[in-house]
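The values are calculated or read from the model by the stated rules, or taken from the named source; none is laboratory data. What you see is a predicted model; the values in this text were computed from it and never measured. We place every Cβ from the backbone using ideal geometry, glycine too, and count neighbours over all the protein chains shown. To get the accessible areas, we keep the full protein, side chains included, count just its heavy atoms, and leave off ligands, DNA and RNA. Shrake-Rupley method; radii C 1.70, N 1.55, O 1.52, S 1.80 Å.
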Amino acid sequence: MMSGMTIPRQLDPPDIATLGANGAKARFGVAYLRSICSQAGVGFTETSIDEDVLAIDGKIEFAVADARIQVKCTGKFKINGGQTATWPADSHWWSKWHGCKVPVYFVMLVLDPDDQPRWVQHVPEGTLHRAAAFWVRVDQMSESSGIVVPKNQRLTADTLHEWAADVDACFGLQAGGGGGVR
Amino acid sequence: MPALACRLGVVAVFGEQAIPTVNELRSYMRFNGWNEQSPGPTGALWTRNGKRIGVPSEPDNELIAGVVKRLAFAEQRDLADVVTSVKYLLFDVTHLRADSDYRYADAIPLETGAKIVNSARTMLRATATTARWERAHIGSNYSKYGDDVVAQALMGHTQKGSYVIPVLMPLPEPEGADLHQPALDLDHEQVEFHRSPSEPFERRVIRTFAQSMQAVKELVVDPAREPRADDMHELVYRGVSREFCYALAGILKQRSIGEFEASVDWAQAVPAPATMPRSVTIDSEAESLVSKAADKLRQQKVDPSRVFSGTIVQLRHESPDDPFGEIAISTVRQGHASEILVRLRMPLYQKAWDWHYQGRAVLVEGTVRRVPGKPLRVDEPFRCHPVDEMFLA
């Protein structure tokens, strides 16, 4: 972990940072996802920790089985603006996702504005995250040059119920929970 | 889902223990009351008491690790314990521990290690033969059937601490559910009939091994005197042979060994003897006594034709007025698997129920009557008691 540590040069002293700009963004993306999972009472485990990459691989732990997650955190998009956001995908990502036997979701956390000191604002009513996450299921999506994330798929605690139903379906349980019993 | 400690556990546990297979998981879950539902593309949902776990149909380490984690959560048990239970569901595991005074970390002399492994194999081989046909002295007459069973035994990784070698004996999967049903008549005085499955021979071998260790300890080592002829008979009835004692003495003779212990973890899937000591420890100072017992067994003539042992597979009491009940013992007698009916007076018959519930094998001495076309039977046993109770005249 220490190998990825870079010290930003232009912040005011004393400099307390141990994460680079990319690393800080990636951690923020994971922390945001964790907070949504926590709200829904669902566990989350990172499967690889590298402080200086933008993509984080993780597992959402539902009662029946895990779903897989790829989280990206970016400042390149606006929260309100456009119908979709497209992210380039490596071809080896697609082969990994298509081979997965449980659902894989791509989560894009949009930071808007992309200004690190303003990511979290402490307003009188509470804590305001200047961020929104959008998602798309990718294990069943055909390979293309980019991952198209619809902006109408906002990640909330309710989304996790939808994902849990997808996981159940992999094990023969249809939506509504009535099917599959023999 | 459980917290970080549990999550870290997955890595540590699976780092040290091989991940279970899908089939091992399915057997374990079936045995523990989980119900498999009709499958989907990835696998099937297994349910129990409102809990649901998705079990993959194909090998997938990530998904299997997820199943184990969920089982540990459902059972409120440690992950490592669950992995062990899953992997050893159908294995009797005998831990052979040599308490060494050799103070090099995690090591014993190669000579000693080799001696333990060789001698343990000989002890098990001798036991597999006497489990077929009790005798004081085997010589070269090892049972082919017994040898075939010993050939299936595995040696696990040595465990840290004292030097521990696990010996794994695979058992056949029990057929169907346990037929054990609660008795309607708690006093067992009324009419009743009960059957349960017989003990697999592989289990009989390991049980005989454990009871042989116990018999040597209680009849040879603990009395701390020259073994007597009566004791020799009792040893043989429990499966001890000259070869067993000789191999055991060979381990105790090793200079670097302070004591030798055998403890058995019985396979969960096959009902285990509840009262047999789980562990028997013999001090290396007992080597000369065990050697003497070996010498005596060479000279001893023991006729085991009136004595047999095994688990109770049937209990019958057909008329409330009948002062006798009848049990059936599943045994291997002179190389042949057989069932022998034993007639018992009611007080003893009622005790037999307790022994049966506890999974205890019993030892019977008496004249075995052979009537053509009918089961073997003993009408007036001279004695009938659990084999783990030593009968000291």
For B:Tyr163, distant residues with modelled amide H under 5 Å away: B:Ala98, B:Ser100
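Pairs A:Lys25/B:Lys69; B:Lys87/B:Lys160; A:Lys101/B:Lys87; B:Lys87/B:Lys144: which exceed 26 Å Cα-Cα? Before the final figure, lay out the partial values.
Working: A:Lys25/B:Lys69 31 Å; B:Lys87/B:Lys160 19 Å; A:Lys101/B:Lys87 24 Å; B:Lys87/B:Lys144 28 Å.
With Cα atoms farther than 26 Å apart: A:Lys25/B:Lys69; B:Lys87/B:Lys144.
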Cut-off under 5 Å, modelled amide H: who pairs with A:Tyr105 long-range: A:Arg68, A:Ile69, A:Gln70, A:Val138
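With the radius of gyration and the Kirkwood radius both derived from the Cα set of region A:85-149, what is their ratio Rg to Rh?
Numbers: Rg = 15.7 Å, Rh = 13.7 Å.
Result for region A:85-149 is an Rg/Rh of 1.14.
How many Cβ atoms of partner chains, on average, are near each residue of A:61-71 if near means within 10 Å of its Cβ? Each step should come with its number before you reach the end.
Numbers: counts 7, 5, 8, 12, 13, 8, 0, 1, 0, 0, 0.
For peptide A:61-71, the averaged partner shielding equals 5.
Grab the DSSP H runs of the protein assembly as shown that are 4 residues or longer, score each as -39,500 (n - 2.57), total them, divide by all residues and round the 222 nm result to the nearest 500 deg cm²/dmol. Please report the intermediate quantities before stating the final value.
On the way: 14 runs with 179 residues, N = 575.
The per-residue figure over the protein assembly as shown is -10000 deg cm²/dmol.
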Accessible surface of A:His92 - all protein chains present, 1.4 Å probe, nearest 10 Å²: 110 Å²
Fraction in percent of alpha-carbon pairs per bin - 10 Å, chain B: 5, 21, 27, 23, 17, 7, 1
Dipole-positive endmost among B:Leu344, B:Val280, B:Gln254 within region B:223-363 (Cβ charges, Cα centre): B:Gln254
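I'd like the mean, over residues of B:162-172, of how many other protein chain beta carbons sit within 10 Å of each residue's own Cβ. Write out the running numbers ahead of the final one.
Details: counts 0, 0, 0, 0, 0, 0, 0, 0, 0, 0, 0.
Partner-chain Cβ atoms within 10 Å, mean over residues of B:162-172: 0.
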Distance (nanometres) between label positions extended 7 Å along Cα→Cβ at B:Asp303 and B:Gln268: 4.8 nm
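When the chain is fully extended, how far beyond the present Cα-Cα distance does B:Glu62 get from B:Met346, taking 0.36 nm per residue of separation?
Values: separation 284, 0.36 × 284 = 102.24 nm, distance 5.69 nm.
Full extension of this stretch gives 96.5 nm more.
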Whole-angstrom Cα spans of region B:296-393 along principal axes, big to small: 49, 33, 22
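Please give the per residue volume of the convex hull enclosing the alpha carbon atoms of region B:300-353, rounded to a whole number of Å³.
On the way: hull volume 4.9 nm³, N = 54.
Taking the convex hull of the Cα positions in region B:300-353, it is 91 Å³ per residue.
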Debye intensity ratio I(q)/I(0), log10, region B:38-115, q values 0.14, 0.27 Å⁻¹ (C-alpha model): -0.66, -1.28
³J(HN,Hα) computed for each position of region A:131-136 - Karplus, 6.51 cos²θ - 1.76 cosθ + 1.60, integer Hz, glycine/proline x: 8, 8, 10, 10, 9, 8
³J(HN,Hα), Karplus 6.51/-1.76/1.60, whole Hz, each residue of region B:356-371, x for Gly, Pro: 5, 4, 7, x, 7, 6, 10, 10, 10, 10, x, 7, 8, 8, 10, 10
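Any idea what the relative contact order of chain B is, in percent, if you count C-alpha pairs under 8 Å spaced at least 6 apart? Kindly include the intermediate steps, with their values, before the conclusion.
On the way: 720 pairs, mean separation 63.9, N = 393.
Reported relative contact order: 16 percent.
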Over region A:121-176: Kirkwood hydrodynamic radius from C-alpha pairwise inverse distances, Å: 14.1 Å
Region B:25-175 - convex hull of alpha carbons, volume per residue in Å³: 171 Å³
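In debye, nearest 20, what is the charge dipole magnitude of chain B about its Cα centre with +1 on Lys and Arg Cβ and -1 on Asp and Glu Cβ, if you could check? Show your work: numbers first, answer last.
Numbers: 47 positive and 52 negative charges, 141 e Å.
Dipole about the Cα centre, nearest 20: 680 debye.
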Choice from B:Trp133, B:Trp34, B:Trp266 with maximal GNM fluctuation in chain B (Cα, 10 Å cutoff): B:Trp34
Spin-label pair B:Arg255/B:Ala107, simplified geometry with 7 Å Cα→Cβ offset, distance in nm: 1.7 nm
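Tally Lys/Arg at +1 and Asp/Glu at -1 over every other residue whose Cβ is under 13 Å from the Cβ of B:Ile53; what's the total? Intermediate values should be presented prior to the final figure.
On the way: positive: B:Arg26, B:Arg30, B:Arg48, B:Lys51, B:Arg52, B:Lys69, B:Arg70; negative: A:Glu61, A:Asp66, A:Asp168, B:Glu36, B:Glu75.
Local charge sum for B:Ile53: +2.
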Computed label-point distance, nm, for sites B:Asp78 and B:Glu226 using a 7 Å Cα→Cβ extension: 4.9 nm
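Give the dimensionless ratio obtained when the Cα radius of gyration of region B:181-311 is divided by 2.2 N^0.38 Å. Could you put the intermediate results ahead of the total?
On the way: Rg = 17.7 Å, N = 131, 2.2 N^0.38 = 14.0 Å.
Cα Rg divided by the expected 2.2 N^0.38 Å: 1.26.
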Cut-off under 5 Å, modelled amide H: who pairs with B:Met155 long-range: B:Leu168
Å³ per residue enclosed by the Cα convex hull of the protein assembly as shown: 231 Å³
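Subtract the Cα-Cα distance of B:Arg370 and B:Gln152 from 0.36 nm times their separation in residues, and report this length gain in nm to one decimal.
Working: separation 218, 0.36 × 218 = 78.48 nm, distance 3.46 nm.
Full-extension gain reported as 75.0 nm.
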log10 of Debye I(q)/I(0), alpha-carbon scatterers only, for region B:212-261 at 0.21, 0.24, 0.27 Å⁻¹: -0.75, -0.95, -1.13
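If you put +1 on each Lys and Arg Cβ and -1 on each Asp and Glu Cβ, how big is the dipole of region A:120-174 around its Cα centre, in Debye rounded to 20? If you can, show how the numbers build up before the last one.
Details: 4 positive and 7 negative charges, 59 e Å.
Taking the Cα centre of region A:120-174 as origin, the dipole is about 280 debye.
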Using θ = phi - 60° and Karplus 6.51 cos²θ - 1.76 cosθ + 1.60, couplings along region B:214-222 (whole Hz; Gly, Pro as x): 5, 5, 4, 5, 7, 9, 10, 7, 4
Per-bin percent of Cα-Cα distances, region B:244-362 [5 Å]: 2, 9, 13, 13, 14, 15, 14, 10, 5, 3, 1, 0, 0
Within the protein assembly as shown: Cβ-based charge dipole about Cα centre, in debye rounded to nearest 20 (Lys, Arg +1; Asp, Glu -1): 740 debye
